[in-house]
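Structure first, then comments.
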Amino acid sequence: MSDQFQRRALLQAACAAGLASALPKTWAARIPGDPWLNAQAIIDRLSVPPSFPPRDFLVTDFGAKPCGLTKARAFVSHEDQADVDTPVPGSPDCYPAFAQAIAACVNAGGGRVVIPKGNWFCAGPIVLRSRVHVHLQAGARVYFSNDPADYARHGDFDCGPNGRLVRSRWQSNDCLNFSSMVYAYGQDNIALTGEDWTSVLDGQAGTPFPGGSDCWWTWKGRNETIGAIAQSSTPGYKDGKPSSRITNPRNPTSLAAIAPDLSPAERALIQGEGDHWRADESFLPALSEAGVPIEKRVFGLGHHLRPSMIHLIGCTNVLLQGYQVTNTPFWQHHPVDCRNLVIRGVHANSLGPNNDGFDPESCDHVLVEHCTFDTGDDCIAIKSGKNLDTQYGASQNIVIQHCTMQSGHGAVTLGSEMAGGIQNVYAQHLLLQNIHWQTNPLNTAIRLKTNMNRGGWLRHFYVRHIDIPNGVQTTPAFYSPLKGSPIAPRSVATAAGAVVTFDCDYTPRADTVRTRPPQVSQVHISDVRVGNVNRDGRQQSCFQAVVILGPVASDYNGPTPAPAVLPVSDVSISDCDFGTPANAAQPFYLFNVRDLTLKNVTVGGQVFNTTLSAAPGATAGVS
C-alpha cells in the first residue's frame with residue numbers, strides 16, 4: 001500500500017510542478033488596493049476552459065445499455081418520502097462500459113465520452129482521467145447503485161474485509177473509504193458536463209438499500225440541532241441502528257492499539273470521556289490527532305462514513321458545468337487540493353443530511369457562477385482541513401457570483417473545517433431567493449463557523465450586491481456551549497436566524513481536543529438587501545440581523561500557558577438593509593469582537609453608523 005501512495009504522491013507533485021512553472025507567480029498574490037480587482041483577476045484567469053481533442057466516445061459503443069424503471073418508496077429530504085423512479089432489479093450495469101469508454105479516450109490522447117439520452121444504471125464510480133471530458137446529453141440520467149458494496153469493489157487499495165477503497169477525505173480528514181460516485185485523483189484537464197438540467201446524476205441516497213429499509217442517509221444518525229426546521233429527524237433512523245454517530249465495535253477500545261507512541265495524557269485528551277470517540281465520525285478525527293498515517297485509517301465496509309457524490313483530489317484545470325446532481329449520500333461536490341476549477345450552471349439539488357452543494361477544500365483559484373443551490377446543508381462551504389490534516393494548505397482565490405440559493409443552512413459559508421486557513425474569497429451578485437421560506441427556509445445568508453479545535457484563520461473575505469427578497473429563517477436555532485462557558489445555554493442563535501453569522505464556537509461538544517484558537521479578521525460586507533415575509537401576521541426578515549460569536553477562551557483544554565485567544569476584528573458592514581428582525585429588541589449580538597464598523601446599515605427602519613466591540617467575557621447588543 002505504501003508503494004501505491006508513493007507513486008500517487010510523485011504523480012501529483014509532478015503535475016503541480018508543471019502547472020507552477022507555467023503560471024506567473026503574481027497570480028497567487030493579492031493586488032493592492034480595490035479587492036474587487038483581485039476578484040476580476042481570478043475571473044479572467046479562469047475564463048479559458050480546458051480544451052479536449054474533437055473525438056467522441058459513445059458509451060453505447062462499449063456495451064452500455066439503458067435500464068427500465070420501477071417505483072420505490074424513498075426519502076427525498078430529511079423528513080419527506082415519495083414514490084421515486086429507480087432501476088428495475090437486474091438492470092444492466094453500465095460501470096464496465098463507462099470505464100472502458102474512458103480508457104479508450106485516454107489511450108487515444110483524450111476527447112469526449114458521451115452518455116446519451118436515456119436511463120443508465122451504474123454499479124460503481126465514474127472515474128475521471130486526464131484529458132477526458134465526460135458529457136451527459138439532454139435527457140441522460142445516471143442512476144448510481146444504492147448498494148454501498150459497489151463503492152468498495154474498484155478502488156486502488158485492497159483493504160481486505162473493508163473492500164477495495166480509494167484515498168478520500170471525509171469531513172476534512174484523510175482516510176481510505178468508499179469511492180464517490182464520480183471520483184478523480186491527481187488528474188489534469190478534466191471535465192464533467194451536462195447539456196442542461198435534464199442531464200442528471202442521481203445518487204439514490206434516499207432509496208432503501210437492496211433487501212433493507214435503511215438508506216445512505218440513515219447512516220447520519222440522530223439529528224442534534226436545536227430549533228431545526230424541516231430537518232428534525234434523519235431518514236429511517238431509530239435509536240440503535242448503525243450510524244456514524246454511535247460506537248462502532250470494529251474500532252479499537254484504545255488508541256494505544258493503533259498509536260502506541262502517544263503518552264497516556266495525549267491519549268486521554270484525544271479520546272475524551274466515555275466511548276463516543278469510537279463512533280466512526282469521531283474515530284477518524286481521533287486518528288488525525290494521534291498522527292496515524294492514512295494507510296492505517298481504513299473505513300469502507302463495516303463502517304458508516306457516507307461518500308461525497310463528486311470527489312476530486314489533487315486535480316488541475318477542472319470544468320464542472322450544466323448538469324443536475326440529486327439524492328447524494330453526503331456532500332454534493334467536494335474538490336480537495338484542486339487548482340483552476342470552474343463550476344458553472346450546475347443545479348445542486350439534494351435535500352438529505354449533510355448535502356452541502358459545493359465544498360472546495362484547500363483549493364486555489366476557483367470560480368462558482370450561474371449555479372442554483374437547493375440543499376440539505378450549506379449551499380457553499382469553503383474548507384481547508386481539520387485536526388492535523390492541513391498538508392494541502394489554505395483555500396484561496398475563490399469567486400462566487402451570479403448564483404441562486406434556496407434551502408440550505410448557510411448560503412455562503414466558510415468552515416467549519418478551516419485548520420489550513422481561508423483567504424481571498426469574493427462573493428457578489430447573488431440571489432438568496434429562499435422560495436421555501438415557509439417550510440424549509442434558508443437558515444442564514446453569510447456564515448462563518450469554526451471553533452477551538454478547527455483553529456485556522458480567515459482573512460480577506462469580501463461580500464457585495466446580495467439580494468435576499470424572502471429573508472432567512474425567522475426563528476432561532478441555538479447552540480449548546482460547554483460547561484463553564486460564559487455563554488448561557490439557549491441564548492445565542494448561531495445555528496439559524498441571523499442574516500450574517502460568525503460562529504467561532506461551532507458545536508464545541510463534538511471535539512475533545514480544543515487547543516487551537518481561530519483567528520478571524522478583515523471581513524467586509526456591503527449592499528445586502530433583505531426583504532420581509534408575513535410570518536404570523538408580522539413582517540419579519542430574520543430573527544436577528546448580525547450574530548458574531550468570537551472565540552470562547554474557556555473552551556481551551558490544552559497545556560498551559562494557553563495561546564492568545566484573539567477577538568474577531570476588522571469587520572465592516574456598510575450600505576445594507578436587513579429588513580425587520582423578529583428579535584427587534586436585540587438585532588445584533590456580539591461576543592469577543594473588536595471594531596465592528598456599521599456604516600449606513602438599516603435595521604427595522606433605524607439607520608446605524610457606529611463602531612461596536614464586545615469583550616471576551618461580555619456580550620454587546622445594539623437596540
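With respect to the stated conditions, Leu305 is buried (at least 20 other Cβ atoms within 10 Å of the Cβ), in contact with a helix residue (DSSP H, G or I) (Cβ under 9 Å, 6 or more places away or on another chain), part of a loop (DSSP other than H, G, I, E, B) and touching a residue at least 24 places away in the same chain (Cβ under 8 Å). Within segment 200-214, residues that are closer than 12 Å to Ala74 by Cα have Cβ atoms under 9 Å from residues that are modelled with pLDDT under 95 and open to solvent by less than 10 Å² (accessible area, probe 1.4 Å) in these pairs: Ala205/Pro235; Gly206/Pro235; Asp214/Pro235, counting only partners at least 6 apart in sequence or on another chain.
Of all the criteria given as (1) surrounded by fewer than 20 Cβ atoms within 10 Å (Cβ to Cβ); (2) over 30 Å from Ile313 (Cα atoms), the one not satisfied by Tyr237 is (1).
For segment 169-189, how many residues meet the condition of being in a strand (DSSP E or B) and in contact with a Pro (Cβ under 7 Å, 6 or more places away or on another chain)? Talk me through it step by step, then tell me what you get.
Taking segment 169-189 as the starting set, the residues that turn out to be in a strand (DSSP E or B) are 169-170, 173-177, 182-185, 188-189.
If we keep only those that are in contact with a Pro (Cβ under 7 Å, 6 or more places away or on another chain) as well, we get 173, 177, 182-183, 189.
Of the residues in that region, 5 qualify.
Quick one: in segment 201-223, which of the residues that are among the hydrophobic types (A, V, I, L, M, F, W, C) and under 20 Å from the mean Cα position of the chain (by Cα) is most open to solvent (accessible area, probe 1.4 Å)? Spell out the reasoning first.
We begin by selecting, within segment 201-223, every residue among the hydrophobic types (A, V, I, L, M, F, W, C); these are 201, 205, 209, 215-217, 219.
Narrowing further to those that are under 20 Å from the mean Cα position of the chain (by Cα): 201, 205, 216-217, 219.
Numbers: Leu201: 1, Ala205: 0, Trp216: 1, Trp217: 0, Trp219: 25 Å².
Residue satisfying both the conditions and the ranking: Trp219.
Looking at segment 602-611, is at least one residue surrounded by fewer than 16 Cβ atoms within 10 Å (Cβ to Cβ) and hydroxyl-bearing (Ser, Thr, Tyr)? Scanning segment 602-611 turns up at least one residue that is surrounded by fewer than 16 Cβ atoms within 10 Å (Cβ to Cβ) and hydroxyl-bearing (Ser, Thr, Tyr). The set of residues from segment 262-302 being open to solvent by 30 Å² or more (accessible area, probe 1.4 Å), at negative phi, of a type outside the set (A, V, I, L, M) and in a loop (DSSP other than H, G, I, E, B) comprises Ser263, Glu273, Asp275, Pro293. Output yes when any residue across segment 420-427 is open to solvent by 10 Å² or more (accessible area, probe 1.4 Å) and part of a strand (DSSP E or B), and no when none is. Yes: segment 420-427 contains one or more residues that are open to solvent by 10 Å² or more (accessible area, probe 1.4 Å) and part of a strand (DSSP E or B).
Of all residues in segment 380-395 being part of a loop (DSSP other than H, G, I, E, B) and among the hydrophobic types (A, V, I, L, M, F, W, C), which is surrounded by the fewest Cβ atoms within 10 Å (Cβ to Cβ)?
Applying the first criterion (part of a loop (DSSP other than H, G, I, E, B)) to segment 380-395 yields 384-385, 387-388, 390-394.
From what is left, the residues that are among the hydrophobic types (A, V, I, L, M, F, W, C) are 388, 394.
Working: Leu388: 18, Ala394: 23.
Looking at residues that are part of a loop (DSSP other than H, G, I, E, B) and among the hydrophobic types (A, V, I, L, M, F, W, C), I get Leu388.
With respect to Gly139, is the statement that it is closer than 22 Å to Arg250 by Cβ and touching a Ser or Thr at 6+ places or on another chain (Cβ under 7 Å) true? So Gly139 does not fit the description; no. Hey, any hits in segment 177-197 for a residue that's under 16 Å from His133 (Cα atoms), open to solvent by 10 Å² or more (accessible area, probe 1.4 Å) and under 17 Å from the mean Cα position of the chain (by Cα)? Yes: segment 177-197 contains one or more residues that are under 16 Å from His133 (Cα atoms), open to solvent by 10 Å² or more (accessible area, probe 1.4 Å) and under 17 Å from the mean Cα position of the chain (by Cα).
A search for C-beta distances below 8 Å between a residue of segment 242-262 that is touching a residue at least 60 places away in the same chain (Cβ under 8 Å) and any residue that is open to solvent by 60 Å² or more (accessible area, probe 1.4 Å), counting only pairs 6+ apart in sequence or on different chains, returns Ser243/Arg222. Scanning segment 99-134 for residues that are of a type in the set (Ser, Thr, Tyr) and over 18 Å from Leu312 (Cα atoms) yields a count of 0.
In segment 481-494, is there at least one residue being within 13 Å of Leu549 (Cβ to Cβ), buried (at least 24 other Cβ atoms within 10 Å of the Cβ), at pLDDT 95 or above and under 20 Å from the mean Cα position of the chain (by Cα)? Yes. Condition first: within 28 Å of Ser172 (Cα to Cα), modelled with pLDDT of 95 or more, open to solvent by less than 10 Å² (accessible area, probe 1.4 Å) and not in a loop (DSSP other than H, G, I, E, B). Can you find one or more residues in segment 459-472 that meet it? Within segment 459-472, one or more residues are within 28 Å of Ser172 (Cα to Cα), modelled with pLDDT of 95 or more, open to solvent by less than 10 Å² (accessible area, probe 1.4 Å) and not in a loop (DSSP other than H, G, I, E, B). Checked against (1) modelled with pLDDT of 95 or more; (2) in contact with a Leu (Cβ under 6 Å, 6 or more places away or on another chain); (3) hydrophobic (A, V, I, L, M, F, W, C), Val523 meets all criteria but (2). Set side by side, the residues Ala545, Ala562, Ala553, Ala585 differ, and just one is out of contact with any Ser or Thr (no Cβ under 9 Å at 6 or more places or on another chain) and open to solvent by 40 Å² or more (accessible area, probe 1.4 Å), which is Ala553.
Consider segment 79-96 and keep the residues that are outside any strand (DSSP E or B) and within 18 Å of Asp202 (Cβ to Cβ). The one that is most open to solvent (accessible area, probe 1.4 Å) is Pro89. The residue pairs whose first member lies in segment 378-395 and is within 10 Å of Gln423 (Cβ to Cβ) and touching a residue at least 60 places away in the same chain (Cβ under 8 Å), whose second member is assigned to a loop (DSSP other than H, G, I, E, B) and open to solvent by less than 10 Å² (accessible area, probe 1.4 Å), and whose beta carbons are closer than 6 Å, counting only pairs six or more residues apart or on different chains, are Ser384/Ser362; Ser384/Met418; Ser384/Gly421.
Can you tell me which of Val76, Val88 is of a type in the set (Val, Ile, Thr) and within 30 Å of Ser407 (Cα to Cα)? Step through it out loud before you land on a result.
Numbers: Val88 fails: within 30 Å of Ser407 (Cα to Cα).
One residue alone meets the criteria, Val76.
For segment 55-78, a tally of residues being crowded, with 18+ Cβ neighbours inside 10 Å and polar (S, T, N, Q) returns 1. Being within 28 Å of Leu598 (Cα to Cα) and open to solvent by 50 Å² or more (accessible area, probe 1.4 Å) is the requirement here; does Arg516 meet it? It is false that Arg516 is within 28 Å of Leu598 (Cα to Cα) and open to solvent by 50 Å² or more (accessible area, probe 1.4 Å).
Only one of Asp356, Asp377 is closer than 16 Å to Leu414 by Cα and open to solvent by 10 Å² or more (accessible area, probe 1.4 Å); which? Reasoning before the result, please.
Values: Asp356 fails: open to solvent by 10 Å² or more (accessible area, probe 1.4 Å).
Asp377 is the lone residue from the list that is closer than 16 Å to Leu414 by Cα and open to solvent by 10 Å² or more (accessible area, probe 1.4 Å).
Has segment 46-59 got any residue that is at pLDDT 95 or above, out of contact with any Pro (no Cβ under 8 Å at 6 or more places or on another chain) and among the aromatic types (Phe, Trp, Tyr)? Checking segment 46-59: at least one residue is at pLDDT 95 or above, out of contact with any Pro (no Cβ under 8 Å at 6 or more places or on another chain) and among the aromatic types (Phe, Trp, Tyr).
Take the conditions touching a residue at least 12 places away in the same chain (Cβ under 8 Å), under 27 Å from His78 (Cα atoms), in contact with a Pro (Cβ under 9 Å, 6 or more places away or on another chain) and open to solvent by 10 Å² or more (accessible area, probe 1.4 Å) and apply them to Leu312. Does it pass? Considered against the rule, which asks whether it is touching a residue at least 12 places away in the same chain (Cβ under 8 Å), under 27 Å from His78 (Cα atoms), in contact with a Pro (Cβ under 9 Å, 6 or more places away or on another chain) and open to solvent by 10 Å² or more (accessible area, probe 1.4 Å), Leu312 comes out as no.
The values are calculated or read from the model by the stated rules, or taken from the named source; none is laboratory data. These numbers were taken from a predicted model, which means no experiment stands behind them. Ideal geometry is used to build each Cβ from the backbone, glycine not excepted, and the neighbour counts take in all protein chains shown. Surface accessibility is based on the protein's heavy atoms, side chains included, excluding ligands, DNA and RNA. Shrake-Rupley method; radii C 1.70, N 1.55, O 1.52, S 1.80 Å.
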